[in-house]
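Enquirer: Provided herewith is a single structure, encoded as structure tokens, for subsequent inquiry.
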Amino acid sequence: MLHGLVLLPAAILAQGTAQNPDCQAIARQFAAVYLDRRSRLEGAYRRTTGWFSDRLVQLIAGYQRRRDRDMKAEPDDEPMPEIEEEIAVFWDRPSAVKVQPVQESGASATVALLCSWGKGTQYPGDQVQMTLCFIRTAKGWRLDDIRTAAGKFVDRQTLSEELGKYQPE
């Protein structure tokens with residue numbers, strides 16, 4: 001009986017700590033992979049597919065199929081951006097990103113990323129909030145959407161809406 005009493009608090013503690021840190025950890029990794037000026041975007045999506053919800057993965061796959069089809073049909077046209085560029089949103093990645101605390105509500109959570117640009121960038125002095133929207137799945141927390149607020153040089157955008165425009169017919 002004593003053995004069961006020792007395990008019960010450990011199980012409760014593990015369950016409580018596994019919720020928010022997962023979103024926070026993904027948000028920090030997202031910032032390091034997609035928003036850090038020093039990181040290379042090439043192949044980033046292949047390395048990070050485990051972060052995304054099934055719905056977002058399907059939208060990304062549809063976007064990529066449309067991009068491939070369009071590139072074959074019109075090889076001389078300017079291609080649609082790579083998926084990493086769509087996910088990163090900004091043409092010029094921020095000088096600094098501050099990851100805010102997780103805001104959790106039931107089976108959903110958000111993490112705000114405050115992005116700012118300094119001297120020597122294409123958006124000097126601008127600050128934009130990017131919000132990572134998570135859902136809880138059987139596999140744990142998954143990134144389901146990315147909302148970007150409008151800035152001086154950037155329009156308001158929702159990744160799922162943007163990807164939805166390019167789904168194959």
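The values are calculated or read from the model by the stated rules, or taken from the named source; none is laboratory data. A quick note: this is a predicted structure, and the numbers were derived from the prediction, not measured. We place every Cβ from the backbone using ideal geometry, glycine too, and count neighbours over all the protein chains shown.
Enquirer: Could you please give the count of residues in the range 145-156 that are surrounded by fewer than 20 Cβ atoms within 10 Å (Cβ to Cβ) and assigned to a strand (DSSP E or B)?
Expert: In the first step, residues of the range 145-156 are kept if they are surrounded by fewer than 20 Cβ atoms within 10 Å (Cβ to Cβ); the result is 147, 149-156.
This time we only want the ones that are assigned to a strand (DSSP E or B), so: 147.
Residues in the range 145-156 being surrounded by fewer than 20 Cβ atoms within 10 Å (Cβ to Cβ) and assigned to a strand (DSSP E or B): 1 in total.
Enquirer: Now, a different point. Which residue pairs have Cβ atoms under 7 Å apart, sit 6 or more places apart or on different chains, and have a first residue in the range 63-83 that is assigned to a helix (DSSP H, G or I) and a second that is modelled with pLDDT under 90 and not aromatic (Phe, Trp, Tyr)?
Expert: Taking only residues 6 or more apart or on different chains, the pairs are Arg65/Pro168; Arg66/Gln167; Arg66/Pro168; Arg67/Pro79; Arg67/Met80; Arg69/Pro168; Asp70/Met80; Met71/Pro79.
Enquirer: Looking only at the range 123-144, filter to residues that are among the basic types (Lys, Arg) and part of a strand (DSSP E or B); which one of those is nearest to Asp92 (Cα to Cα)?
Expert: Going residue by residue through the range 123-144, those that are among the basic types (Lys, Arg) are 136, 139, 142.
Now narrow it down to the ones that are part of a strand (DSSP E or B): 136, 142.
Numbers: Arg136: 31, Arg142: 26 Å.
Restricting to residues being among the basic types (Lys, Arg) and part of a strand (DSSP E or B), the top hit is Arg142.
Enquirer: Looking at the range 13-29, which of the residues that are over 15 Å from Ala109 (Cα atoms) and surrounded by 10 or more Cβ atoms within 10 Å (Cβ to Cβ) is modelled with the lowest pLDDT? Before you say what the answer is, go through the steps one by one.
Expert: If we filter the range 13-29 for residues that are over 15 Å from Ala109 (Cα atoms), which is where we start, we get 13-15, 29.
Pick out the ones that are also surrounded by 10 or more Cβ atoms within 10 Å (Cβ to Cβ) and you get 13, 29.
Numbers: Leu13: 33, Gln29: 95.
Step by step, filter the range 13-29, then rank; the result is Leu13.
Enquirer: Determine, yes or no, whether Pro101 is on the phi < 0 side of the Ramachandran plot and assigned to a loop (DSSP other than H, G, I, E, B). Outline the logic, then answer.
Expert: Numbers: on the phi < 0 side of the Ramachandran plot: yes; assigned to a loop (DSSP other than H, G, I, E, B): no.
No, not satisfied.
Enquirer: Also: Among the residues of the range 84-103, which ones are in contact with a helix residue (DSSP H, G or I) (Cβ under 6 Å, 6 or more places away or on another chain) and either free of Cβ contacts under 8 Å to residues at least 12 places away in the same chain or loosely packed, with under 14 Cβ neighbours inside 10 Å (or both)?
Expert: Residues satisfying the conditions do not exist here.
Enquirer: Given the structure, is Leu132 buried (at least 18 other Cβ atoms within 10 Å of the Cβ) and modelled with pLDDT of 95 or more?
Expert: Here the answer is yes, as Leu132 does meet what is asked.
Enquirer: Could you count how many residues in the range 49-97 are under 30 Å from Lys152 (Cβ atoms) and either among the polar types (S, T, N, Q) or under 13 Å from the mean Cα position of the chain (by Cα) (or both)?
Expert: 13
Enquirer: Okay, next question. Considering the range 44-62 alone, what residues qualify as being closer than 19 Å to Phe90 by Cβ, in contact (Cβ under 8 Å) with a residue 40 or more places away in the chain and out of contact with any strand residue (DSSP E or B) (no Cβ under 8 Å at 6 or more places or on another chain)?
Expert: Selection gives Ala44, Tyr45.
Enquirer: Please find, among Gly125, Gly140, Gly106, Gly120, the residue that is under 16 Å from the mean Cα position of the chain (by Cα), surrounded by fewer than 20 Cβ atoms within 10 Å (Cβ to Cβ) and at positive phi.
Expert: Details: Gly125 fails: under 16 Å from the mean Cα position of the chain (by Cα); Gly106 fails: under 16 Å from the mean Cα position of the chain (by Cα); Gly120 fails: under 16 Å from the mean Cα position of the chain (by Cα).
Exactly one residue qualifies, and that residue is Gly140.
Enquirer: Could you identify the single residue in Thr137, Thr110 that is in contact with a strand residue (DSSP E or B) (Cβ under 8 Å, 6 or more places away or on another chain) and closer than 25 Å to Arg55 by Cα?
Expert: Details: Thr137 fails: in contact with a strand residue (DSSP E or B) (Cβ under 8 Å, 6 or more places away or on another chain).
Of the residues listed, the single one that is in contact with a strand residue (DSSP E or B) (Cβ under 8 Å, 6 or more places away or on another chain) and closer than 25 Å to Arg55 by Cα is Thr110.
Enquirer: Can you run down the residue pairs with Cβ atoms below 8 Å, 6 or more apart or on separate chains, where the first is in the range 146-169 and among the aromatic types (Phe, Trp, Tyr) and the partner is not in a strand (DSSP E or B)?
Expert: Listed by first residue and then by second, the contacts come to Phe153/Gln122; Phe153/Tyr123; Phe153/Asp126; Tyr166/Gly62; Tyr166/Tyr63; Tyr166/Arg66; Tyr166/Arg67; Tyr166/Met80.
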